[in-house]
Each structure stands twice: as C-alpha cells, then as structure tokens.
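Some notes on the structure that comes next.
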C-alpha cells in the first residue's frame, strides 16, 4: 500500500535509492555493525515542529539498542537513503544477534538484572515489536516514528516513487561512528557506553530534544532535592505534566519514571540505592553536571504531544493524559 506522504513542509524528497540487500541472520547480520569508515547518506535534522512528539515513550528503558540500529543504517546507506522495510529487516536481525551474544555472556557470568546489557534487545520472537516500537514505524502522517527519529538521529524522506526512505542525520552519523564497548570491544569493559558516547547523548538531548531535557531535569532535581524516592520522582513528573496542560494518571507517571530512571542510570547520571526494602535514586557527579545542561535547554512552553503513550497504555490512561 502506498505510504501517506508528509505535507509540503515535510522532509525533502530524495532520489531513488537502491533497495538494501536482505541480510542473513546471525554472523552475517553482525557484519553490518563494524565501525563505519566512510560517511553514508545524510538527511537533514527535522525541524522541531515537524516531529513535535520528541519525548521518549515509557517502553524505552534503554538507549543502547539504538547503537546497532544506527550502525546498520550507516552500512545500508552508503549509496543513498534506503527503503524503510529493508532497513527494518536488517536492523532487527542485527539487534537480535547482538542481544543473543549479550544474553549468553550474562548467563555464563551469572549477572544480576541491574548489570544486564541485553535489556531492550529483541529475541527472534520479539523482532516485530522491536522493529515497530524501538527502531522505526511509519506514522499515519508519513513521518518516521520510533527510538531513532525521536532521538533525532535518523530522518525519513519520500523518494520520487513515493516510498519512504530513511538515513542518518548528521548527529546520528556522529554517534554511530563513535567506538562502542559492546560492538567494538567485546563488551570490555562491561558497560553500555564509553564516556564519550554518554557525553554526546547528554549534549544532544539538551540541544535537540528540549522537552525531554526538561523532563530529565525534573527527575534529577527530585532525586537531588526531594530524597529520591520513587514517589518523589512521580510527584515531580506529575507537576511537570501539569505545567504543560497535560495532567497524567498515576500508572502512566510510574511507567514514565521507570523508563526515565533506566535511561538515566544507563548514562550513569542516576544511581539506584536500596535501603532495606526501600529504593531511592541519587544523582551521580555526572548527573549533577547533566542537570545543569538540561536546565539550560530552552524547552518550548505549552502542551506536549501525548500520542507517545497510545501504544504502551490502555485508552483510558492515554485519555487521562489528554490524548
């Protein structure tokens, strides 16, 4: 079925691109993840009003799965933006192969849940959901949705034949080529990101995702000033939503807080401390510095787009959020 095209103010059209060759599973898929040496096709970063819902939804607890998807996209777009279905197939296979390797190592080392790097990576049976919700999915208005476009690390453009094609943004290319402990170093050290990658993501969120930066700042402030209990973080998120004219229901707040804490912990901005049966979150030194960067982000005022909750929650919760 022919994809619905964006309005005239949407992304630029690109010339017809070659269809990416289907990648094999397992080892062949991992070949896409070698650190790229040559710059791929680049699409401009969408204007802020072109993809207004730049908040990350609560089903994204980790950012690491974005890295192999970006590497795969860099490999597939050496000759131009690639058709979205080809990208989804190849990126999904590559992510599943990475997840399988990580889970094997975690099982061999008997690592606890908090030390696992495989969180967010799909198994074979989870590939359809991964492709749709984590990598990219086509929205009804023609824009690309999912983790990469919401992070503004990938962009979409209709080709001359009307088919949607995808490529990295300049920021996505910068992050894709950065060395990775998971993809380039056999997960040594056992960490999702090197310091340079973490610094890039903090800087990028502060610059390109002001609403997300503002929400991260609300959580980090609550962790610093209000004791860091989950209830305190939920209260801070509730106030943040209310200021934007979108009061949120408790289940949605709890899910959003859980995802935010997962991502902030992955970036080593927030530590999870357990005191008996109680859990509290504490900003790290890097978290304190990131808070200053997030607070300086010029977040736009007004109602934010709550459609991000529609896939993760029942209609009644999305309705409570104003969707």
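Only the coordinates and a few stated rules stand behind these numbers; no lab work does. These figures come from a predicted structure and were not determined experimentally. Note: ideal-geometry Cβ built from the backbone for every residue, glycine included; neighbour counts use all protein chains shown.
Here, the range 191-245 is characterised by an Rg to Rh ratio of 1.06, where Rg is the alpha-carbon radius of gyration and Rh the Kirkwood radius.
Give the calculated FRET efficiency between residue 274 and residue 38 to the nearest 0.05, with a Förster radius of 51 Å applied to their Cβ-Cβ distance. Calculated value: 0.60. Note on residue 78 and residue 113: with the Förster distance fixed at 35 Å, the Cβ-Cβ geometry gives a FRET efficiency of about 0.35. Separation of the range 53-129 and the range 190-216, taken as the distance between their Cα centroids, equals 18 angstrom. When 277, 114, 191, 169 are sorted by how many other C-beta atoms sit within 10 angstrom of their C-beta, beginning with the fewest, the order is 277, 114, 191, 169.
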